[in-house]
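Read the structure below first, then the notes.
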């Protein structure tokens, strides 16, 4: 009888752990991001964050389809840990019809053990194609 109770407890523990994992993967995991093509500022924010975190598929999705190339489909190395803090501030948006430039200031605060910060000012060319904004450049990694 004692052995039977041990098996029941083991089965119960496995079931509870499975339930916890299922809940985590369903509700708590980080959702895959898709670019926000609505305006030039949004696509630049999506693009710069994707480059920082080395999210290749998201970087490619942000670039205008005509400038996507075969080497771009390979994973690139780099990126930072997800616990680092990244912020972006749009400084200027210059548009001329369906083309333009977005200047932004990015700050990256590295977590442990570095505890440092890096800042970057960059201008990204943008273009509107079929009602969606994209980054108008080729990536060379």
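The figures follow:
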read-out	value
Listing of strands (runs of 3 or more DSSP E) fully contained in region 41-141 that carry 2 or more residues being modelled with pLDDT under 90	85-96, 99-109, 117-129
Where residue 21 falls short, out of the listed (1) at pLDDT below 80; (2) in the same structural domain as residue 106 (by TED's automatic domain parsing)	(2)
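The values are calculated or read from the model by the stated rules, or taken from the named source; none is laboratory data. Since we're looking at a predicted model, the values are computed, not measured.
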